[in-house]
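The values are calculated or read from the model by the stated rules, or taken from the named source; none is laboratory data. Just so you know, these numbers come straight off a predicted model, no measurement behind them. Cβ sites come from the backbone with ideal geometry, for glycine too, and all protein chains shown count toward neighbours.
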Amino acid sequence: MTTTPTSRSLVPVLEVDDVSVTFGGRAVLDHVSFEIAPGEFTGLIGSNGVGKTTLLRVILGLQKTTSGTIRVLGQPLRHRSRSLGYVPQKVILDPDVPLRARDLVALGVDAHRFGLRRRSREDKDRVEEMLDAVDALGFADARVGSLSGGEQQRVLIAHALISRPSLLLLDEPLANLDPKSVQEIVALLHRVSVQHDVAVLLSAHEMNALLPVMDRIVYVTNGKAASGTTEEVVRTDVLSELYGHHVDVLQLHGRVLVVAEPSADTDHLPSHATLHLD
Amino acid sequence: MKFLFAPGFTSSGPVHVALALGAMVAIVSALVGVFTVVRSQSFAGHALTDVATAGGAGAGYLGVNALAGFVVGSLTGGVAMETIGVHRVRSRDVATGIVLGAATGCSALFFYLAANAGSSTGSTQRILFGSLFEVAPDTLPIVGLLSVVTVAALALIGRALLLSSVSPEMATVGGISTRSVGVIFMLTLAVSVGLSSVAIGAILSTALLIGPAASALRMARTIRGAMLLACVLGVVATSLGVLLAYDSYNWSSRHTPLPVSFFVVVVVVVTYALTYVPVLRRRATTGRS
């Protein structure tokens, strides 16, 4: 059977198939499987230390799996060439280095090429376009190190998007941002995801801000993951099975709270993971 | 005018060699220095000067060209640091410290042996603190060749180097081999330290590597601008150093010229200090308002 353009676009951008990672005998990821379709906005939700960063690093090829396979656009990792964009959690940008926001974005175009070839008109236009897409034109000529956390986040997103990846991965992009910046970054990510036809996989320990935009949730705890729509996953039976003990998903005034009986082994639970259900 | 141009300055052969060599070395050091500062590898750069010292001392004892000793020593040190684990930030300081210690021990041995052999009066002084006026003219072409190769290598990996110093993980995801880029940079750093050891001495080469680059990074608006400015500042420092040292012959009635390396370092340090003037002035104005 011949591959039509339609059927090709149905290949998931990401397939995580039965992936496990073990550090010193401890399973950080325990048989994790999920898929992301093209253009899908996915939240990777879980408390700190449950394996979200490890999962992102494994997908990016920065870390080896103990078992299982990962495919990007149907290709195994070694054959992915720049099909992923990445915004790490901690990028320490030195205010004493005269690297402008636009310079960092431009490095996304040509840092992997040898030499100091002049940037073409086309490349420069693309840099402007990406700066515009993340609302960063206003501080494009400022040193990145001197920008605020939210502004740096925008520049890093533009850098990651400029190589036209099919999947953008962000590690805790909402941590350490004030509530207003959180709203802005979520809205911005949703907008670029639609406009630039890129799937987004974003890790967060708080799902609240993401509920309006998430197509899919991958809920992680103790190295295990459940994936689906929020309605499919954020339920008493599904999360209780995932946690390995009873948790309640409560609806209160149109919001949903995930709560567990207080005990020593449930300290890692989010104390007030809330969920809007409209 | 007598202060600016002491008799014979423009016509002296050693002065021409000193100016040409100083300029070449300053440019290589400035360009490598910008990346050294951006990557926070100043300590590694300084450790390499100690290895270069050992190489120079060894060359002095064996009666080989000092430049060969400096470059071979520095390159050996660079490879040793990369092998021990300079690529991992956590083990970087340890690797650098171990290599530094080993090299200084070797320097002690070679200097002792050379002094006992009595073959090379004043060579210890020259290896540690250099003298642009005592460089043989036939060293120039070799320095020129090494300079061109180093700058070319740096141009080749420049952008990858910049991105991997911002975030090694972003660079890796972007298709860059941060390991290879790091090794190539370490080699350019080693050659640059070897070259500036000939010019202003192994111990002082850190000043020429870090000083102009750090000043330029504070003042420039772009990395490209910082690289150009660092070159200018470096060349000004070596040229002005040569001029002042030549002139210092007439400063006292005893006619003892002061070391050129001293003047180069003075210019470098004063320039760096001057970059803080706008900051202080800004603070003064905001304080008043």
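For residues that are in a loop (DSSP other than H, G, I, E, B) and either closer than 16 Å to residue A:30 by Cβ or modelled with pLDDT under 85 (or both), tally how many sit in region A:246-255. Walk me through how you get there before you give the answer.
Step one: of region A:246-255, the residues in a loop (DSSP other than H, G, I, E, B) are A:246, A:253-254.
Those left that are additionally either closer than 16 Å to residue A:30 by Cβ or modelled with pLDDT under 85 (or both): A:253-254.
Result for region A:246-255: 2.
Which of the strands (runs of 3 or more DSSP E) found entirely inside region A:1-115 contain at least 2 residues meeting this: charged (D, E, K, R), over 14 Å from the mean Cα position of the chain (by Cα) and modelled with pLDDT of 90 or more?
Working: elements: A:14-23, A:26-36, A:41-45, A:67-72, A:84-87.
Filter on region A:1-115 gives A:14-23.
Consider residue B:93 against the criteria (1) surrounded by 15 or more Cβ atoms within 10 Å (Cβ to Cβ); (2) modelled with pLDDT under 90: it satisfies all of them except one. Which criterion is unmet?
Just one mismatch for residue B:93, condition (1).
Which of the helices (runs of 4 or more DSSP H) found entirely inside region B:186-289 contain at least 2 residues meeting this: closer than 30 Å to residue B:148 by Cβ? Spell out how you get there, then give the answer.
Working: elements: B:205-219, B:223-247, B:260-274, B:277-288.
Once the helices (runs of 4 or more DSSP H) in region B:186-289 are filtered for at least 2 residues that are closer than 30 Å to residue B:148 by Cβ, what remains is B:205-219, B:223-247, B:260-274.
Just checking, does region A:116-139 include any residue being buried (at least 17 other Cβ atoms within 10 Å of the Cβ), within 12 Å of another protein chain (Cβ to nearest Cβ) and either farther than 18 Å from residue A:91 by Cα or among the aliphatic types (A, V, I, L, M) (or both)? I'd like the intermediate steps shown before the answer.
Of the residues in region A:116-139, the ones buried (at least 17 other Cβ atoms within 10 Å of the Cβ) are A:126-127, A:130-131, A:133-134, A:136, A:139.
From what is left, the residues that are within 12 Å of another protein chain (Cβ to nearest Cβ) are none.
Checked region A:116-139: no residue is buried (at least 17 other Cβ atoms within 10 Å of the Cβ), within 12 Å of another protein chain (Cβ to nearest Cβ) and either farther than 18 Å from residue A:91 by Cα or among the aliphatic types (A, V, I, L, M) (or both).
Please find, within region B:183-220, the residue that is surrounded by the fewest Cβ atoms within 10 Å (Cβ to Cβ) out of those that are within 14 Å of chain A (Cβ to nearest Cβ) and of a type in the set (Gly, Ala, Ser).
If we take residues in region B:183-220 being within 14 Å of chain A (Cβ to nearest Cβ) and of a type in the set (Gly, Ala, Ser), then B:220 is surrounded by the fewest Cβ atoms within 10 Å (Cβ to Cβ).
Between A:205, A:159, which is within 30 Å of residue B:223 (Cα to Cα) and in contact (Cβ under 8 Å) with a residue 40 or more places away in the chain? Steps first, answer last, please.
Working: A:205 fails: within 30 Å of residue B:223 (Cα to Cα).
Only one candidate qualifies: A:159.
Residues in region B:130-163 that are more than 8 Å from every other protein chain (Cβ to nearest Cβ) and either assigned to a helix (DSSP H, G or I) or closer than 17 Å to residue B:35 by Cβ (or both): how many?
Here is the first cut: in region B:130-163, the residues more than 8 Å from every other protein chain (Cβ to nearest Cβ) are B:130-154, B:161.
Next, from what is left, pick out any that are either assigned to a helix (DSSP H, G or I) or closer than 17 Å to residue B:35 by Cβ (or both): B:132-134, B:137-154, B:161.
Of the residues in that region, 22 qualify.
Looking at region A:155-208, which of the residues that are outside any helix (DSSP H, G or I) and of a type in the set (Asp, Glu) is farthest from residue A:128 (Cα to Cα)?
Step one: of region A:155-208, the residues outside any helix (DSSP H, G or I) are A:162-178, A:196-207.
If we keep only those that are of a type in the set (Asp, Glu) too, we end up with A:171-172, A:178, A:197, A:206.
Details: A:171: 25, A:172: 26, A:178: 27, A:197: 18, A:206: 32 Å.
Only one residue fits best here, namely A:206.
Yes or no: region A:88-96 includes at least one residue that is of a type in the set (Asp, Glu) and either in contact with a Leu (Cβ under 6 Å, 6 or more places away or on another chain) or surrounded by fewer than 19 Cβ atoms within 10 Å (Cβ to Cβ) (or both). Break it down into steps so the answer makes sense when it comes.
From region A:88-96, those of a type in the set (Asp, Glu) are A:94, A:96; that's our starting set.
Next, from what is left, pick out any that are either in contact with a Leu (Cβ under 6 Å, 6 or more places away or on another chain) or surrounded by fewer than 19 Cβ atoms within 10 Å (Cβ to Cβ) (or both): A:94, A:96.
The answer is yes, given that some residue of region A:88-96 is of a type in the set (Asp, Glu) and either in contact with a Leu (Cβ under 6 Å, 6 or more places away or on another chain) or surrounded by fewer than 19 Cβ atoms within 10 Å (Cβ to Cβ) (or both).
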